[in-house]
Amino acid sequence: MAKEYRFREIEKKWHERWNQEQTYRVAEDANKQKYYVLNMFPYPSGAGLHVGHPLGYIASDIYARFKRQQGFNVLNPMGYDSYGLPAEQYAIQTGQHPEKTTFQNIDRYREQLDKIGFSFDWSREVRTCDPGYYHWTQWAFQKMFNYYYNLTPVPSPKGEGSIQAGCARPISELIAHFEKCGTEGLNVAQSEELTFTAEEWKAMDEKKQSDVLMNYRLAFLGETMVNWCPELGTVLANDEVVDGVSVRGGFPVEQKKMRQWCLRVSAYSQRLLDGLDTIQWSESIKETQRNWIGRSEGAEVRFRIAGTDEEFTIFTTRADTMFGVTFMVLAPESELVQKVTTPEQKAEVEAYLQQVKARTERERMIDKRVTGVFSGSYAVNPLTGEDVPIWISDYVLAGYGTGAIMAVPAHDSRDYAFAKHFNLPIIPLIEGADVSEESYDAKEGTVINSPRINEIKNEKLKIKNDALVLNGLSVKEAIEATKKYVSEHGLGRVKVNYRLRDAIFSRQRYWGEPFPLYYKQGIPTMIPEECLPLELPEVENFLPTATGEPPLGNAQIWAWDEQQKKVVDKALIDEKMVFPIELFTMPGFAGSSAYYLRYMDPHNSEALVSKKADEYWQNVDLYVGGSEHATGHLIYSRFWNKFLFDLGISCKEEPFQKLINQGMIQGRSNFVYRIKDTNTFVSLGLKDQYDTTPIHVDVNIVKNDVLDLEAFKAWRPEYETAEFVLEDGKYVCGWAIEKMSKSMFNVVNPDLIVENYGADTLRLYEMFLGPVEQSKPWDTNGIDGCHRFLKKFWMLFWDKDGQMLADDSEPTADNLKSLHKLIKKVTADVEEFSYNTSIPAFMVCTTELTNQHCRSRRILEPLVALIAPFCPHIAEELWEALGHTTTVCDAQWPEFDEKYLVESTVKMPVQFNGKVRFTLDLPVDMSKEDIEKTALSAPEAAKYLEGMQVVKTVVVPGRIINIVIKPA
RNA sequence: GCCCAGAUGGUGGAAUUGGUAGACACGAGGGACUUAAAAUCCCUUGGCCUAACAGCCGUACGGGUUCGAGUCCCGUUCCGGGCACCA
């Protein structure tokens, strides 16, 4: 009897064994080199895993196992991102407490994950909602509160003379600076530029000083425009809002001014940008982050309001165009608006401001009509002395630059549209630029009109001599020249602006980390570090409210007793030293920002991570996750890690050295076609003959696009009496690629695949589907092929009586060639994550070895080691059958040896279409005819040519010759 | 509008990075075994022209570089992703 491949038994056996023997447990080991593989941990949602989820886990598991077999000490942990909106939304929908549903969902996830045979070290599991974990989330927040950012460049701790764009420093240093010299000589990240003297600082009361410090803290309370989502009852970060609606749920989001905790992510803009050059991420993700950070180099220039001594500042990247300024524009929200509005224009301006205010962000984005109003005032161009009108328009944003611009309609399309609409002058400044129909925005050409002939000589100008002349320069030269002139003459300064905004860090929700702080006489005060974690209190009603009242307001035991250092009943607030605790909670990204550090030392109650563990594991070598986190988690994590790096907690500045973005697995929906007003269904090929309606049908009752008629009748009561119009005796379904979702009946549960084919087939098939980084539809049509391969692979090891056939015989040259070809291919592929191309190599090798009747242990053992990362269960079973007592996880990765591939100049003959083709390596500089002659008379070729007729020779100069032969 | 990444059979996708395009798998067709089915195995499968051998055309489109281009360069079209009144 042949030995059957019983995957169910095999997989069950090894799951138990791995569990029992703690096969995947890792510890620091100074004798081994570390390798840290990490997946983005999942939100345990209520729907459980579908086949798309494990894709990245399988890819990284293969890599982790591969590295382990290469002798590395591999950290491959897993955990759950269990705080935040998704978990809470699910709880609300099902009317249960989020803690209950979260734990249920985690158990379900774990059960599903365990079936697939991952090499996770579960002893290091983290859950963001666990107090032992969020202790350190709260701790990091307190540190950020107690630090500010000094922008003065410092030598990078990494050495090599590199310079780092600033560094986080303790807030105490800033206070010392204020006490000594006020804001004099300060170069720090701040919400707005404040100016005060040391005396003024000392004169402030405690509350006032607290307010001032908020302007500098890395975690600060700020009154800012936020994305308020009434439906979700909370504010959202910028990356959680797309096209004016919430990413989660798609609910409308409005702009609202609210007092919120923020993280000064923008302080790290330059370092977040610089760091991108030091990490191996895909170009597209890096580009997305660069766009999101949005660095733009330019100049700030001060313009005086005509007839006054007041000045205001604008930001421009086109300093060269200052001679073409014909008007100025202020954002409607700008504080200057009131200042520049003249009494005559007041009514009109007020009306405009009302009109702007009434429009939501979304309406403003959709409707891009030109609107604006004249303020009545003029500004003085500091280069020409000309007066130009100051307008107010919502095409200028308050939040970027200074909220005011100089308009150069000739060379900016938005200014152009505005000028045309309001009939303002347009002055071209570049030679040959035709601005009669549209602006010339390109930053190239030769500058003219700068200064213009008959330049106004105006005594209002500060500078009369030493005038700036740009004519004849290129645009790039003119920009530099103007920037230099402007800064040298005190008209402004060179400035770099970033689009990156500070992250809004508070949520009006229940299911999140509580803020470890209380309000003492209205002053935010941190709970002592030794009292952390501040645990999330129980509440009766955890539902969010549309008004923004946080659910934590419902917690009775939620006040801080400063003397007893503990949480007490809030009824005691009026007593001495008892104060209200913050009611907001932290957002989803709080817990996910530093979890990779916690995996290094998950049970440490003294620190986020010990020095020892951090120095051993350093940072994540390989991070696998979806590209949808490009502007969220992947920015916040980098920010968070850089902050911890500044504190000396994390020894690496970048958390994730290499990043692989696995693609999404889409669903492949199937359709049946019902003839209108009947219960008759017509097969795909015949549907055009009828008037039909396509109906989604559960993909689990369709195989290779053929409908299981009985299962269909049983699927829904209304189809019990269904009739069918078949083609070739079958009902063929239509199909479409859509998002994998319950409503489209195209969700495929991995449990089902594991049950029917085994985890090894699932793992293999998910990788075979296509490149890991590409999105692709799940298509069960091909899974049989992978399963068949595993059967063939299995049969390679057993004789017809079911006995292990490996023996100590010498491998043949062909055996060695097949094996080493495979070693070379698979090693290179796994390094590059092109698993999809190694699998065919396995198939070819298996076929070759089967044809060669290979029995040699020296071939079969390395073969098992090679497949172990992909299909660990079958590999373990065969490894054991080969007589090993150790786990195949530690089987050494086979070394490739070139010599087995090139022992002769004749490469493996390839059989195809009834002919034989082989290849010779020949010297580079031979002529075509000589190559042919030499090749045909080569001794190596002789044995192949004997009794054969040469059909065709193909000569590739300097490289190879192909000779196609057939039997004479 | 700007930036990034792509386009190869009926399908998913290979191609040693400039060297035989279409590996491998799916699907389809044909055959073997079988009372039958399942399973398994073998053959064919880019297009055109052929009885066959041979031949010609083919990697979105148009040019170019090269002995040689799916691969490199220039232009065009189309699909995907990111940013976007960001001055």
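Does the stretch A:1-33 hold any residues that are open to solvent by less than 90 Å² (accessible area, probe 1.4 Å) and in a helix (DSSP H, G or I), and which are they?
Listed by number, the residues that qualify are A:Phe7, A:Ile10, A:Glu11, A:Lys13, A:Trp14, A:His15, A:Arg17, A:Trp18.
Please verify whether A:Thr692 is of a type outside the set (Phe, Trp, Tyr), within 16 Å of RNA strand B (Cβ to nearest atom), open to solvent by 10 Å² or more (accessible area, probe 1.4 Å) and in contact with a Phe, Trp or Tyr (Cβ under 7 Å, 6 or more places away or on another chain), treating the condition exactly as stated.
no
Among A:Gly401, A:Gly385, which is touching a residue at least 12 places away in the same chain (Cβ under 8 Å) and more than 7 Å from RNA strand B (Cβ to nearest atom)?
Sole residue among the options that is touching a residue at least 12 places away in the same chain (Cβ under 8 Å) and more than 7 Å from RNA strand B (Cβ to nearest atom): A:Gly385.
Identify, from the list A:Phe639, A:Phe645, the residue that is over 15 Å from the mean Cα position of the chain (by Cα) and buried (at least 20 other Cβ atoms within 10 Å of the Cβ).
A:Phe645
Condition (residue is within 16 Å of RNA strand B (Cβ to nearest atom), buried (at least 21 other Cβ atoms within 10 Å of the Cβ) and either over 22 Å from A:Trp778 (Cβ atoms) or not aliphatic (A, V, I, L, M) (or both)) applied to the stretch A:670-682: is it met by at least one residue?
yes
Please go through the stretch A:301-316 and give me each residue that is touching a residue at least 60 places away in the same chain (Cβ under 8 Å) and either open to solvent by 20 Å² or more (accessible area, probe 1.4 Å) or among the β-branched types (Val, Ile, Thr) (or both), ordered by number.
Selection gives A:Val301, A:Arg302, A:Arg304, A:Ile305, A:Ala306, A:Gly307, A:Thr313, A:Ile314, A:Phe315, A:Thr316.
Conditions: (1) open to solvent by 30 Å² or more (accessible area, probe 1.4 Å); (2) assigned to a helix (DSSP H, G or I); (3) modelled with pLDDT under 95. A:Gly132 meets all but one. Number of the miss?
Failing condition for A:Gly132: (3).
Hey, does the stretch A:331-345 have a residue that's of a type in the set (A, V, I, L, M), under 19 Å from A:Phe315 (Cα atoms) and within 13 Å of RNA strand B (Cβ to nearest atom)?
Within the stretch A:331-345, one or more residues are of a type in the set (A, V, I, L, M), under 19 Å from A:Phe315 (Cα atoms) and within 13 Å of RNA strand B (Cβ to nearest atom).
Which condition number in (1) crowded, with 20+ Cβ neighbours inside 10 Å; (2) closer than 19 Å to A:Tyr400 by Cα is the one that A:Trp281 fails?
(2)
Consider the stretch A:831-871. How many of its residues are small (Gly, Ala, Ser) and more than 13 Å from RNA strand B (Cβ to nearest atom)?
The total comes to 3.
Among the numbered criteria (1) within 13 Å of RNA strand B (Cβ to nearest atom); (2) aliphatic (A, V, I, L, M); (3) within 30 Å of A:Gly626 (Cα to Cα), which single criterion is violated by A:Val747?
Every listed condition holds for A:Val747 apart from (1).
Collect the residues in the stretch A:466-478 that are in a helix (DSSP H, G or I) and open to solvent by less than 20 Å² (accessible area, probe 1.4 Å), keeping them in residue-number order.
A:Val475, A:Ala478
I'm trying to understand the selection: among the residues of the stretch A:526-543, which are at pLDDT 95 or above and among the aliphatic types (A, V, I, L, M)?
Answer for the stretch A:526-543, where residues must be at pLDDT 95 or above and among the aliphatic types (A, V, I, L, M): A:Met526, A:Ile527, A:Leu534, A:Leu536.
Consider the stretch A:750-769. How many of its residues are away from RNA strand B (no atom under 16 Å from the Cβ) and either within 14 Å of A:Arg668 (Cβ to Cβ) or β-branched (Val, Ile, Thr) (or both)?
The total comes to 1.
Residue check: is A:Thr585 among the β-branched types (Val, Ile, Thr), open to solvent by 10 Å² or more (accessible area, probe 1.4 Å) and in contact (Cβ under 8 Å) with a residue 40 or more places away in the chain?
Criteria not met by A:Thr585.
Which numbered condition trips up A:Asn541, out of (1) open to solvent by 30 Å² or more (accessible area, probe 1.4 Å); (2) assigned to a helix (DSSP H, G or I)?
(2)
Checking A:Asn746 against (1) under 26 Å from A:Leu686 (Cβ atoms); (2) open to solvent by less than 40 Å² (accessible area, probe 1.4 Å); (3) assigned to a helix (DSSP H, G or I); (4) polar (S, T, N, Q), which single condition isn't satisfied?
Evaluating A:Asn746 over (1) under 26 Å from A:Leu686 (Cβ atoms); (2) open to solvent by less than 40 Å² (accessible area, probe 1.4 Å); (3) assigned to a helix (DSSP H, G or I); (4) polar (S, T, N, Q) leaves (3) as the failure.
List the number of the failed condition for A:Pro777; all other conditions in (1) exposed (fewer than 15 other Cβ atoms within 10 Å of the Cβ); (2) under 24 Å from A:Pro840 (Cα atoms) hold.
Looking at each condition in turn, A:Pro777 falls short on (1).
Being out of contact with any Pro (no Cβ under 8 Å at 6 or more places or on another chain) and over 25 Å from A:Thr585 (Cβ atoms) is true for just one of A:Glu99, A:Glu111. Which residue is that?
From the options A:Glu99, A:Glu111, the qualifying one is A:Glu111.
In the stretch A:217-249, which residue that is of a type outside the set (D, E, K, R), open to solvent by 40 Å² or more (accessible area, probe 1.4 Å) and part of a loop (DSSP other than H, G, I, E, B) is nearest to A:His633 (Cα to Cα)?
In this case the residue turns out to be A:Val247.
Kindly establish whether A:Ala64 is buried (at least 17 other Cβ atoms within 10 Å of the Cβ), within 21 Å of A:Ser123 (Cα to Cα) and out of contact with any helix residue (DSSP H, G or I) (no Cβ under 9 Å at 6 or more places or on another chain).
yes
Considering each residue of the stretch A:780-802, count those that are in contact (Cβ under 8 Å) with a residue 12 or more places away in the chain and either more than 7 Å from RNA strand B (Cβ to nearest atom) or farther than 22 Å from A:Asn746 by Cα (or both), and give that number.
Residues that pass the stated criteria total 16.
Is it the case that A:Ala407 is within 11 Å of RNA strand B (Cβ to nearest atom) and either within 15 Å of A:Leu336 (Cα to Cα) or open to solvent by 30 Å² or more (accessible area, probe 1.4 Å) (or both)?
In short, no.
Restricting attention to the stretch A:705-742, report how many residues are surrounded by 15 or more Cβ atoms within 10 Å (Cβ to Cβ), touching a residue at least 60 places away in the same chain (Cβ under 8 Å) and away from RNA strand B (no atom under 14 Å from the Cβ).
Looking only at that region, the number is 1.
The values are calculated or read from the model by the stated rules, or taken from the named source; none is laboratory data. Being a predicted model, the structure only gives us computed values, none of them experimental. Positions of Cβ are backbone-derived with ideal geometry, glycine not excepted, and every protein chain shown enters the neighbour counts. Areas reflect the complete protein model, heavy atoms only, side chains present, ligands, DNA and RNA absent. Shrake-Rupley method; radii C 1.70, N 1.55, O 1.52, S 1.80 Å.
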